[in-house]
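First comes the structure, then the notes that go with it.
Rule-based calculations on the coordinates, nothing more; no lab input. Computed from a predicted model, the values in this text were never measured in an experiment. Reconstructed Cβ throughout: ideal geometry from the backbone, glycine too, with neighbour counts over all protein chains shown.
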Amino acid sequence: MEGSLNISVAPEAILTIGGIELSSSMISSVFVTLILFGFVFAVRSRLKIIPGNLQIVAEGVVGFFYDQLLQAYGGDAKKAKRYLALIVSLFLFIFVSNQFTIIPLTQSIVVDGVNVFRAPTSHFSLTLALAIITFLVSNVIAFSMSPIKWMGNFVKIGSILKIRKPADVGQALLDLFLGVLDIVGELAKVISLSARLFGNVFAGEVMVVVIASLSVFTRYFVPVPFYALGLLSGLIQALVFAVLSLSFIAGMHNTIEEAVEQGKEEKANKKKAMAT
């Protein structure tokens, strides 16, 4: 991207293998994954009772998200641990992806005038895929908890079945409308998560490219403050995505769990009423 004003939303294809085009963002994603594997192995090989700097950073990240999950699940440690790996993985992958082009030499490797590396999260398909993962985890697991309660959370036919008089029709229609809004809300979460991350990262890259391409004098030193701003923004965006993801997942699961418990209480009350 250095010295070029060829700004494109879609990542450029670098090469084709077996009919499959490998774009700059795909290649960068592979390297981000390798970096994370290296980070994990480095931390694991240096685990000590008295932690070093690398272990302190790793424990700080894990501890922060564990506390967030504990709070989201009302202090249930079992549930918090179940989703901890997913949330931490999302955060680390997004954070490293956001900062990938700051790594020295990544912007100097060019093939046919196209940069080989590009921040993976500046490609909308990747951020959309990450948002879909969050959507599937929250809804598939909620469905497995109670298919009927999960479906009833969106298709509220209970009010229709309880219609006994004309006044109940209005409430039933309102509940159906609210169910449609819930479906739209779930889909909106996917768009919100993916578009926010993509927009911020892509805009940051464009800003640096434009400034660096103005002249020879602005190519080397002027973009430095913007790189620093991008580093902070990349951290915030990764943090926001991870926190919102755990909030969406826990919120859906807590809703279904409460509905299941409420159903059990209603059945128990009916049995008591019949017994008396």
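Does a label point 7 Å from the Cα of residue 78, set along Cα-to-beta-carbon, have any residues of region 113-149 with amide nitrogen under 16 Å, and which are they? Output list for this probe position: 145-146.
With a simple spin-label model that places each label point 7 Å from the Cα along the Cα-to-Cβ direction, the separation between residue 132 and residue 182 comes to 2.5 nm.
Residue separation of residue 33 and residue 145 scaled by 0.36 nm, minus their Cα-Cα distance, works out to 37.1 nm of gained length. Modelled spin labels at residue 255 and residue 102, positioned 7 Å past Cα toward Cβ, are 3.6 nm from each other.
By the rule of a C-alpha distance below 24 Å, with chain neighbours fewer than 8 residues away ignored, the lysines paired with residue 272 are 149, 162, 264.
Which order results if 255, 101 are arranged by neighbouring Cβ count within 10 Å, fewest first?
Working: 255 16, 101 23.
Listed from fewest to most nearby Cβ atoms, that is 255, 101.
The packing ranking of peptides 49-56, 195-202, highest mean first, is 195-202, 49-56, where packing means the average number of other beta carbon atoms within 10 angstrom of each residue.
Excluding residue 154 itself, what net charge comes from residues whose Cβ is under 13 Å from its Cβ, given Lys and Arg +1 and Asp and Glu -1?
Values: positive: 149, 156; negative: 175, 182, 186.
With Lys, Arg at +1 and Asp, Glu at -1, the net is -1.
Modelled label positions at residue 275 and residue 20, each set 7 Å beyond Cα in the direction of Cβ, lie 6.1 nm from each other.
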